[in-house]
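Contents: one structure, followed by commentary.
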Amino acid sequence: GRSKLMGLFETLSFARPELALAIGAMALLITGVFLGDKAAPKISIAAVALLAIAGVLVFVSPGGGATASLFDGAFRIDAFSAFCKILIYAAAGFAILMSDRYLAGEKLGRFEYPVLIVLAALGMSMMVSASDLISLYMGLETQSLALYILAAFNRDSRRSTEAGLKYFVLGALSSCLLLYGASLVYGFTGSTVFTEIAKAASLSGDNAGLVIGLVFMISGLAFKVSAAPFHMWTPDVYEGSPTPVTAFFAAAPKLA
């Protein structure tokens, strides 16, 4: 029992940036609920500090930056995922810093904004380390649910509300495509782990079911990155969202 507990702590030590973001976001949310919107500037500063701490934890990961596969292959730590996490945390920090004056001018200074940015960064961080279809989807939805709210953050604006609604409906459609494709890929390969799917694809020859599943999955991901021909939602959402949110939309989710 003790060896299993030690193994769990060792596994979780590789996911320290994600744990820090998750625990920190919950702490900031509870603090904001008690202190109210008047504490929004302080929570913004704390959120930027939290993202900086997560970035430092990426650099000082155990094992000297060695590649690690966690949770039975669902989560992978390597140099490329660490590089992407640093970029995502930096983009999230800039999105918070450059939004304070804008949100104050629009009278949108609510404490939820930096918390949602941190939660979106958490989802993106999970995405870039995902090596399993299930962990990929969990990261994608964690990111998307926060971004849906950010798109409609200016709830008194008709355009912002329209942006949030369109982003939610089309985002839900893309998630359905991704899930359907993932179920087909699992059905025709027998695994949700990326490496096992690659092995099955190399051995199976002409596997029409796997190809169809991959087409659905790529279509769902193309929606998320607004790649043609799945880009029809982008102009309305980018126009209606608050300007700092649009800047965040245009950078961080694409990296993830």
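Considering only residues that are modelled with pLDDT of 75 or more and touching a strand residue (DSSP E or B) at 6+ places or on another chain (Cβ under 6 Å), look in the range 54-92 and name the one that is surrounded by the fewest Cβ atoms within 10 Å (Cβ to Cβ). Here the answer is ALA74. The number of residues in the range 226-245 that are closer than 12 Å to TYR167 by Cα and open to solvent by less than 70 Å² (accessible area, probe 1.4 Å) comes to 8.
Using the structure shown, decide if GLY32 is touching a helix residue (DSSP H, G or I) at 6+ places or on another chain (Cβ under 8 Å), of a type outside the set (D, E, K, R), at pLDDT 90 or above and under 18 Å from ALA120 (Cβ atoms). Against the criterion (touching a helix residue (DSSP H, G or I) at 6+ places or on another chain (Cβ under 8 Å), of a type outside the set (D, E, K, R), at pLDDT 90 or above and under 18 Å from ALA120 (Cβ atoms)), GLY32 does not qualify.
The residues of the range 144-181 that are farther than 20 Å from LYS254 by Cα and either of a type outside the set (Gly, Ala, Ser) or assigned to a helix (DSSP H, G or I) (or both), listed by number, are PHE153, ASN154, ARG155, ASP156, ARG158, ARG159, SER160, THR161, GLU162, LEU165, TYR180, GLY181.
At least 2 residues being without any contact (Cβ under 8 Å) to a residue 12 or more places away in the chain and either over 16 Å from the mean Cα position of the chain (by Cα) or farther than 30 Å from ARG101 by Cβ (or both) is the threshold, and among the helices (runs of 4 or more DSSP H) wholly inside the range 208-256 those reaching it are 208-224, 234-240. Given the structure, is ALA252 closer than 20 Å to SER131 by Cα, open to solvent by less than 20 Å² (accessible area, probe 1.4 Å) and aliphatic (A, V, I, L, M)? For ALA252, the condition - closer than 20 Å to SER131 by Cα, open to solvent by less than 20 Å² (accessible area, probe 1.4 Å) and aliphatic (A, V, I, L, M) - is met. For ALA200, state whether it is open to solvent by less than 30 Å² (accessible area, probe 1.4 Å) and under 18 Å from the mean Cα position of the chain (by Cα). For ALA200, the condition - open to solvent by less than 30 Å² (accessible area, probe 1.4 Å) and under 18 Å from the mean Cα position of the chain (by Cα) - is not met.
Of the residues examined, ALA95 is not one that is open to solvent by 10 Å² or more (accessible area, probe 1.4 Å), at pLDDT below 90 and part of a helix (DSSP H, G or I).
Residues of the range 170-188 that are surrounded by fewer than 19 Cβ atoms within 10 Å (Cβ to Cβ), among the hydroxyl-bearing types (Ser, Thr, Tyr) and within 11 Å of SER219 (Cβ to Cβ): TYR180 alone. Within the range 1-22, residues that are at pLDDT below 85 have Cβ atoms under 9 Å from residues that are open to solvent by 90 Å² or more (accessible area, probe 1.4 Å) and not acidic (Asp, Glu) in these pairs: THR11/PHE71; ALA15/PHE71, counting only partners at least 6 apart in sequence or on another chain. Listed residues ILE218, ILE212; which is surrounded by fewer than 16 Cβ atoms within 10 Å (Cβ to Cβ) and either of a type in the set (Phe, Trp, Tyr) or under 18 Å from ALA130 (Cβ atoms) (or both)? Criteria check complete, one pass: ILE218.
The values are calculated or read from the model by the stated rules, or taken from the named source; none is laboratory data. For clarity, every value in this text was computed on a predicted model and none was experimentally measured. Cβ sites come from the backbone with ideal geometry, for glycine too, and all protein chains shown count toward neighbours. Heavy atoms of the whole protein, side chains included, go into the accessibility calculation; ligands, DNA and RNA do not. Shrake-Rupley method; radii C 1.70, N 1.55, O 1.52, S 1.80 Å.
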